[in-house]
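Have a look at the structure below, then the notes.
No lab work stands behind these numbers, since they all come straight from the coordinates. The structure displayed is predicted, hence computed values, not measured ones. Glycine gets a Cβ as well: all are built from the backbone with ideal geometry, and neighbour counts include every protein chain shown.
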Amino acid sequence: MKFPTLILFALLSSTYMFGQYKWDGKMYLDKTIIGADERPHQKIGLKGFGDKMRLYIKQKTGDKKQIIIEELNLNNFTVCKTDSIAFDWDEMPYTNYVALDQKDFLISFGRLQAYDRRNGKYASIDLDTINYNDGCKINDSLILLGSTSSYHPADGFAGLNMTSFNSKTMKVVKTRQYQFEGIGLAHMGVNWFTGAGGHIYAITPMSGIVYEFDANLELVGKKNAPIPWTNATENIKFEHKLDVLIYNEWHRLRNLYAKYGKDSIHKNRALATSEYYSKNYDAFVSDTVRKAFEYVEKMLPYNDSMVVISFCRKGYAFKYRDVFLYNVRSNQITKQMPTWSITKKDTCNQFEDYFPIYISNDLNIAPYFKGDKIYYYTVYNPQLFTPGLKKELDKINAEDISKNNYQWHLLEYRLQ
């Protein structure tokens, strides 16, 4: 493996302005091979904490499978430590990670895997209570495993599912489930909860209600976030309509279990089929919401008192988001960044036109906010950028990937 490099890179000028953020020429280039297939994002993950960033790569060489964990110092972009864990992973992607000083937790649909960085031991923990797909740090000993999903009763509870897990004893501490407004949007690539200052905060997508939970997963507060909706009344009506449909159907199907028995439902799923648990219905809801309504897409960590909110307005679709820095303690939005681009431009005059920060991306590759800086990765070589047409830049990068395979790189941006 070649040593990674830190590059201060200048293109036309030393800095570039791009509305809400700029790239100031700082990048980290890594030579670790991810692979040559077209799904590199399913084999990679990154998680920032403090002044460090951890990268997780699922790598296969011949019959050998391993996970490589690199720890990067964000102050000078140098690698502090690299670990390789040999085990037979499957193709299911990890949906999120929790990085602690001495341990890493890898989460994927009910599977929790832990790596102890002190002794190199790896463990797989069986959690068969719910298909968790997210997690975060609560405090020095507790992490949160959770999901917000409109589960079919055969798969779990439709709502906010939370489990606290002790990272030192490696035991489940407590599990709580809450009915949650807006659960009908749960299939839209969302994340509505995160940790801040030892508490957990969850926000409803179309009404902006913020629920606060303590480390024991007890509800201790509730407030309305001051989100600048354009039509809050219509939003709330639609959210409520979806909730009624989903929860009524969930209870109806659950009652079938009581009548016919769980085994019968699994043997004859026709007893529990429903139009509200279909790809067509999910697509209908997604299209309707994106065209006619507004919703909170994600809540990401920022510091002990603040979070980052990604907000989708009517018609934004897959082009833009509004981004807010929200103080969960004072209930104030301290910074608004409208029309944050989440897609490449057809004509790329600036670096950020081709390398935007995809704040709407999956949690395993979400951007890391730290003070006035944002860290985001790419599998394209930033050194190859020159102003021009997107299709021409795509061609250049495709040729580079064909020759060198996918590799990961980290870019440092600065908030404006």
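General observations
- Compared with the alpha-carbon gap, the fully stretched path from Lys259 to Thr339 is longer by 23.7 nm at 0.36 nm per residue.
- A cut-off of 5 Å between modelled amide H atoms, ignoring neighbours fewer than 5 places along the same chain, links Tyr406 with Ile34, Gly35, Ala36.
- Subtracting the Cα-Cα distance of Thr175 and Asn231 from 0.36 nm times their residue separation leaves 16.6 nm of extension gain.
- Pairwise alpha-carbon distances in the range 49-90 exceed 16 Å for 42% of all pairs.
- Net +/- balance of residues flanking Leu410 in space, Cβ distance below 11 Å, scoring K and R +1, D and E -1: -2
- Share of Cα-Cα pairs in the range 118-248 lying beyond 19 Å, as whole percent: 52
- Per-residue ³J(HN,Hα) for the range 350-355, Karplus 6.51 cos²θ - 1.76 cosθ + 1.60, θ = phi - 60°, Hz, x for Gly and Pro: 10, 4, 5, 5, 9, 10
- For Lys370, nonlocal amide neighbours, meaning residues 5 or more places apart or on other chains whose placed amide H falls under 5 Å from its own, are Tyr375.
- Taking one quarter of the surface of the convex hull spanned by the alpha-carbon atoms of the range 20-148 gives a direction-averaged projected area of 10.0 nm².
- Simple label model, 7 Å out from Cα along Cβ direction - Asn331 to Lys222, nm: 1.2
- Normalised by the number of residues in the chain, the mean separation of alpha-carbon contacts (under 8 Å, six or more apart) gives a relative contact order of 15 percent.
- Other-chain or far-sequence residues with amide H under 5 Å of Gly159's (modelled H): Ser149, Tyr151
- Dividing the radius of gyration of the alpha carbons in the range 345-408 by their Kirkwood radius gives 0.99 for Rg/Rh.
- When every Cα-Cα distance of the range 277-409 is counted in 10 angstrom steps from zero, the calculated P(r) takes the values 11, 33, 32, 21, 3, 0 percent.
- When shorter helices are ignored and each DSSP H run of at least 4 residues is given -39500 (n - 2.57), the per-residue value for the chain at 222 nm works out to -5000 deg cm²/dmol.
- Cα point-scatterer Debye curve for the range 338-377, base-10 log of I(q)/I(0) at q = 0.20, 0.29 Å⁻¹: -0.66, -1.08
- Relative to the current alpha-carbon distance between Asp126 and Ala86, full extension at 0.36 nm per residue lengthens the span by 12.5 nm.
- Shown here is the pair-distance distribution of the chain: with all Cα-Cα distances grouped in 10 Å bins from zero up to the longest one, the shares run 4, 21, 31, 27, 14, 3, 0, 0 percent.
- In order through the range 174-190: 3J(HN,Hα) via Karplus (6.51 cos²θ - 1.76 cosθ + 1.60), integer Hz, x for Gly, Pro: 7, 10, 9, 10, 10, 5, 9, 5, x, 5, x, 9, 5, 7, 8, x, 10
- Each of Arg118 and Asn303 was given a label point 7 Å from its Cα along the Cα-to-Cβ line. The distance between the two points is 3.0 nm.
- FRET efficiency for Val244 and Arg39, using Cβ-Cβ distance with R0 set to 45 Å, rounded to 0.05: 0.75
- Residue-wise HN-Hα coupling along the range 167-172, computed from phi with Karplus coefficients 6.51, -1.76, 1.60 (Hz; x: Gly, Pro): 6, 8, 8, 6, 10, 5
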